[in-house]
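Student: This is the structure I have questions about; it appears just below.
The values are calculated or read from the model by the stated rules, or taken from the named source; none is laboratory data. These figures come from a predicted structure and were not determined experimentally. Don't worry about glycine lacking a Cβ; one is built from the backbone with ideal geometry, like all the others, and counts go over all protein chains shown.
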């Protein structure tokens, strides 16, 4: 489970954590911008800048936010041909990899032999190779997993590139001013784009529910690119705090919280990510770890489901809050896996798992917060409509 | 004005003590989105967790600094928790307590000691 930067604490004590943390190529810039730094997945990362989480969140939805996501794992899979690499990758993920067009990206999952989710990731067909981006906290395990199981494929971690996300409705105009070609990309396109003389691997995607880009940039050019983007009046630096509230409102899973080794794709609401060709009856059905369990759960329907929950009052329901059917008595029927205040919604929002019979939007449940059962209503995800450019 | 190690400020107002959190604490907590106050008339003991505040980041408790009775709470914070960030040392106060015994006040930090405590 990733280190949590949102730890609850009793009293108003603030401690300093001094450990050997890794840094990203933008570390000095974060400090210069006045970021509050926290340990996250072994890295010293900005949780917020002086503007604060609320303002950073709102700015990203209104204009554009710049995120340092260099802690994430970038990996190149190479081999004799795209087909061989794709076929090998299909042995580890339940996605249609062979059918992914050149210059396109897809959301994926590594599954374990029981069908549990080892990590979620993005993978792209970049012509002669597959480019994979995995979660920071899982990257060592993911690289070992791929190296051990991908036959005929060379697994090369990319350690000399930063990863910068530019997210929000103004992202296209801001980035296109430096590299006009990015305006022609649509959601989940990937391309190699020269920006200020640096070879960047750009995808039109993100983790906020907004339109935007993720830019893999050589580390030597990363700070200059970040500064160039921040010069634009529409761009503000955004920390991990707002990244979390943005993705929560967008209904996106955080690995180690909303999905983990005990979660199967269907119950997590991720069946859409498993294309028909890999499901029962499909041409390349199964053939990935835990296929039997994963496909059976899709066919039979899961016993529990990940749902959105809107607490009726003002009190946020955070991760770990237990859910009940009644205001008093009875056993817990579910649990919140992510929750907090949604600045765009203007109220608390949460996600959690509930029995399938209680998963219909409008179902009223109770979350136990500090010993009191407070009402929360199941709501369709996302809480905030996506702004993708399809 | 006196200060606790839990970053509360305590202001004597007649025979009452007004309690809030310091500017430093408000800044550390970030945007506050939820405040739960005790009921007026509640008898509390020192270190009871009597106020819950939630910021965008986390939940925190405010402890009773003294034994006594809660005689007034700042109920405006319930509808407008952001007031704590806007004016932590003024309009953002949380409650007024009528202490059973004022003598523990002398053990709390003065302004200079608190500044030293937070490293300013």
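Student: Any idea which of (1) on the phi > 0 side of the Ramachandran plot; (2) modelled with pLDDT under 95 is the one residue A:320 doesn't satisfy?
Tutor: In the conditions (1) on the phi > 0 side of the Ramachandran plot; (2) modelled with pLDDT under 95, residue A:320 misses (2) alone.
Student: Name the single residue, out of those in region A:73-90 being surrounded by 20 or more Cβ atoms within 10 Å (Cβ to Cβ) and not in a loop (DSSP other than H, G, I, E, B), that is farthest from the chain's Cα centre (by Cα).
Tutor: Ranking the qualifying residues of region A:73-90, first place goes to A:85.
Student: Still on this structure: Answer yes or no: is there a residue in region B:18-33 that is out of contact with any helix residue (DSSP H, G or I) (no Cβ under 9 Å at 6 or more places or on another chain), more than 9 Å from every other protein chain (Cβ to nearest Cβ), in contact (Cβ under 8 Å) with a residue 60 or more places away in the chain and within 19 Å of residue B:96 (Cβ to Cβ).
Tutor: For region B:18-33, residues out of contact with any helix residue (DSSP H, G or I) (no Cβ under 9 Å at 6 or more places or on another chain), more than 9 Å from every other protein chain (Cβ to nearest Cβ), in contact (Cβ under 8 Å) with a residue 60 or more places away in the chain and within 19 Å of residue B:96 (Cβ to Cβ): present.
Student: Let me spell it out: the conditions are (1) outside any loop (DSSP other than H, G, I, E, B); (2) in contact (Cβ under 8 Å) with a residue 12 or more places away in the chain; (3) away from every other protein chain (no Cβ under 12 Å), and residue B:89 meets all of them except one. Which number is the exception?
Tutor: (1)
Student: At negative phi, without any contact (Cβ under 8 Å) to a residue 60 or more places away in the chain and assigned to a strand (DSSP E or B): is that true of residue A:341 in this structure?
Tutor: Values: at negative phi: yes; without any contact (Cβ under 8 Å) to a residue 60 or more places away in the chain: no; assigned to a strand (DSSP E or B): yes.
The answer is no for residue A:341.
Student: Same structure, new question: Can you pull out the residues in region A:34-46 that are within 14 Å of another protein chain (Cβ to nearest Cβ), part of a strand (DSSP E or B) and surrounded by fewer than 22 Cβ atoms within 10 Å (Cβ to Cβ)?
Tutor: The answer is A:36, A:37, A:40.
Student: So which residues in region A:300-314 are within 14 Å of chain B (Cβ to nearest Cβ), outside any strand (DSSP E or B) and either modelled with pLDDT of 95 or more or within 21 Å of the chain's Cα centre (by Cα) (or both)?
Tutor: A:312
Student: I'd like to verify a number: residues in region A:50-72 that are within 14 Å of another protein chain (Cβ to nearest Cβ) and not in a loop (DSSP other than H, G, I, E, B), how many?
Tutor: Here is the first cut: in region A:50-72, the residues within 14 Å of another protein chain (Cβ to nearest Cβ) are A:50-60.
Restricting the remaining residues to those that are not in a loop (DSSP other than H, G, I, E, B) gives A:53-60.
So the count comes out to 8.
Student: Tell me which residues, restricted to region B:49-61, are crowded, with 21+ Cβ neighbours inside 10 Å, within 7 Å of chain A (Cβ to nearest Cβ) and in contact with a strand residue (DSSP E or B) (Cβ under 6 Å, 6 or more places away or on another chain).
Tutor: Across region B:49-61, the qualifying residues are B:54, B:56, B:60.
Student: Let me ask you something else. Taking residue A:273 as the residue in question, decide whether it is under 28 Å from residue A:61 (Cα atoms), outside the structural domain of residue A:207 (by TED's automatic domain parsing) and either at pLDDT 95 or above or surrounded by 22 or more Cβ atoms within 10 Å (Cβ to Cβ) (or both).
Tutor: The answer is yes for residue A:273.
Student: Taking the condition out of contact with any strand residue (DSSP E or B) (no Cβ under 8 Å at 6 or more places or on another chain) and closer than 15 Å to residue A:109 by Cβ, does residue A:284 pass? Give the steps one after another, and end with the answer.
Tutor: Details: out of contact with any strand residue (DSSP E or B) (no Cβ under 8 Å at 6 or more places or on another chain): yes; closer than 15 Å to residue A:109 by Cβ: no.
Spelling it out, it is not the case that residue A:284 is out of contact with any strand residue (DSSP E or B) (no Cβ under 8 Å at 6 or more places or on another chain) and closer than 15 Å to residue A:109 by Cβ.
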